[in-house]
1. So how far apart, in nm, are the two label points at Q28 and D40 if each is 7 Å from Cα heading toward Cβ?
2. Whose amide H sits under 5 Å from the amide H of V62, counting only residues 5 or more places off or on another chain, with H placed in the peptide plane?
3. Under a crude label model (7 Å from the Cα following the beta-carbon direction), how far is R8 from K21 in nanometres?
4. With a/c under 1.5 counting as rounded, go ahead and sort the stretch 12-63 into rounded, prolate or oblate using the C-alpha gyration tensor (a ≥ b ≥ c being the square roots of the eigenvalues; past the cut-off, prolate if a/b is larger than b/c, else oblate).
5. Could the peptides 27-36, 41-50 be put in order, highest first, of the mean number of other beta-carbon atoms found within 10 Å of their residues?
Amino acid sequence: MSVPITLRRDFSASEFRGLAKKSKDGPQARRLLTLAAIYDGATRTEAAKIGGVGLQIIRDWVSLPETSSG
């Protein structure tokens, strides 16, 4: 079982979008765009839609503050 990680403070949403744009790997680009959305304050549900993944995947990937909904 994977353990979610806390978002790093040394990256920004725009940096993730830039990396996604440069990526030649579709699934990787979607994951980066998903993380960018989370950094921008999107809910887990919104981020899952952007990444084309299920909500549980987002819960497995990233530990969000308790005040976030989704």
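1. Going by the 7 Å Cα→Cβ label model, 2.2 nm.
2. So V62 has HN proximity to I5.
3. 2.0
4. On the way: a/c = 2.21, a/b = 1.39, b/c = 1.59.
It is oblate, given that a/c is not under 1.5 and a/b is not larger than b/c.
5. 27-36, 41-50
Read the figures in this text as sums done on the coordinates, not as results from a lab. This structure is a prediction, so every number in the text was calculated from the model and none was measured. Note that we place each Cβ from the backbone using ideal geometry, even for glycine, and neighbour counts take in every protein chain shown.
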